[in-house]
Amino acid sequence: MNAGLDFETKILVKYDAPRLLREHLCRTSWQGDVIAISGVTDCYQPIERKLKLTRGCLEVMLEARQPTRIATKNALVARDLDVIAPMADHRLIQVVLSVTTLDQDLARSMEPRTSTPQAKLRAIERLSAAGVPVGVLVAPVIPGLTDHEIPNILAAVKDAGARFANWLLLRLPMSVEQVFLDWLDANHPEAKPRIESRIRETRDGCLSDSRFGQRLTGEGSYARSIADTFQVFARQCGLDGPIPDLDSTQFRPPREGSGQRWLF
């Protein structure tokens, strides 16, 4: 499958994910290390409204007192607040929402299947009001297109109740590069030369960089200016503190799939 419409329209579903998670947490070798959800694919894609697989996994996590970190671009995460809030009460969960832009028109053309910026802010408000440690990832920062929004994004998410924030530079690995360039041709043809030039300034003349560490923040003076801007305004908004710790000491194996509880 390619990085264009295939990625958005061909979805592989693991219907038994909650059961498989339960089996994994029942292993005698598992000690309750933190589990991160959405390291690769968003766990709150639109189809989650129907399938509720992420919700099923969270219910298993709550039962097992399993510490969890969620990263998502979608406000649908607030639907599961009745499961997430009790986990937060036990210091078992953190939620990070990705906010790329506050421009609703830009968001619709760039991320058409994700929640609007306003919906994300409302989700942050709901999560924060329920005591959930919620943070924001300003990502991807697109040089020449969205980097100027960093101060406004940080101020808006702080007002909504976010506790911490970080950022990531745009990455264009493999076929994603052509998908992005085609999107610029279709949506920002006049600005494309400037945006492409700015990206190259942060990637040593290239459009992408696979080196670990460098691929997240870039290099060169323009990349440093983005990092400095983020740091200044994150500090100003009080979003530059450490991410709250999660408690792994409460972990207990959940019931096995048969319904049998553990005696010891």
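The values are calculated or read from the model by the stated rules, or taken from the named source; none is laboratory data. Everything quoted here is computed from the prediction, not taken from an experiment. Reconstructed Cβ throughout: ideal geometry from the backbone, glycine too, with neighbour counts over all protein chains shown.
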Can you name every residue in the stretch 55-69 that is over 16 Å from Glu256 (Cβ atoms) and polar (S, T, N, Q)? Thr68
Those residues that are more than 14 Å from Asp147 (Cα to Cα) and aliphatic (A, V, I, L, M), I need them from the stretch 92-106; list them, please. Leu92, Ile93, Val95, Val96, Leu97
Cross-chain or 6+ apart pairs with Cβ under 8 Å, the stretch 190-213 first and of a type in the set (Asp, Glu), then assigned to a helix (DSSP H, G or I) and surrounded by 13 or more Cβ atoms within 10 Å (Cβ to Cβ): Glu196/Leu181; Glu196/Leu184; Glu201/Tyr222; Glu201/Ala223; Asp209/Arg215
Restricting the search to the stretch 27-51, which residues are assigned to a loop (DSSP other than H, G, I, E, B) and either of a type in the set (Asp, Glu) or under 18 Å from the mean Cα position of the chain (by Cα) (or both)? Asp33, Val34, Ser38, Gly39, Val40, Thr41, Asp42, Cys43, Tyr44, Gln45, Pro46, Ile47
What's the number of the only condition in (1) surrounded by 14 or more Cβ atoms within 10 Å (Cβ to Cβ); (2) hydroxyl-bearing (Ser, Thr, Tyr); (3) farther than 22 Å from Val138 by Cα that Thr9 fails to meet? (1)
Residues in the stretch 12-56 that are within 22 Å of Thr116 (Cα to Cα) and touching a residue at least 12 places away in the same chain (Cβ under 8 Å): how many? 14
Confirm whether Ser98 is in contact (Cβ under 8 Å) with a residue 24 or more places away in the chain, closer than 25 Å to Leu184 by Cα and of a type in the set (Gly, Ala, Ser). yes
Checklist (1) farther than 30 Å from Thr249 by Cβ; (2) surrounded by 14 or more Cβ atoms within 10 Å (Cβ to Cβ) applied to Arg49, failing item: (2)
What is the residue count in the stretch 58-74 for residues that are closer than 23 Å to Val136 by Cβ and of a type outside the set (Val, Ile, Thr)? 7
Can you spot a residue in the stretch 239-262 that is aromatic (Phe, Trp, Tyr), closer than 30 Å to Arg122 by Cα and in contact (Cβ under 8 Å) with a residue 40 or more places away in the chain? no
Please note which helices (runs of 4 or more DSSP H) are completely contained in the stretch 147-259 and include at least 2 residues that are surrounded by 13 or more Cβ atoms within 10 Å (Cβ to Cβ) and at pLDDT below 95. 176-187, 214-217
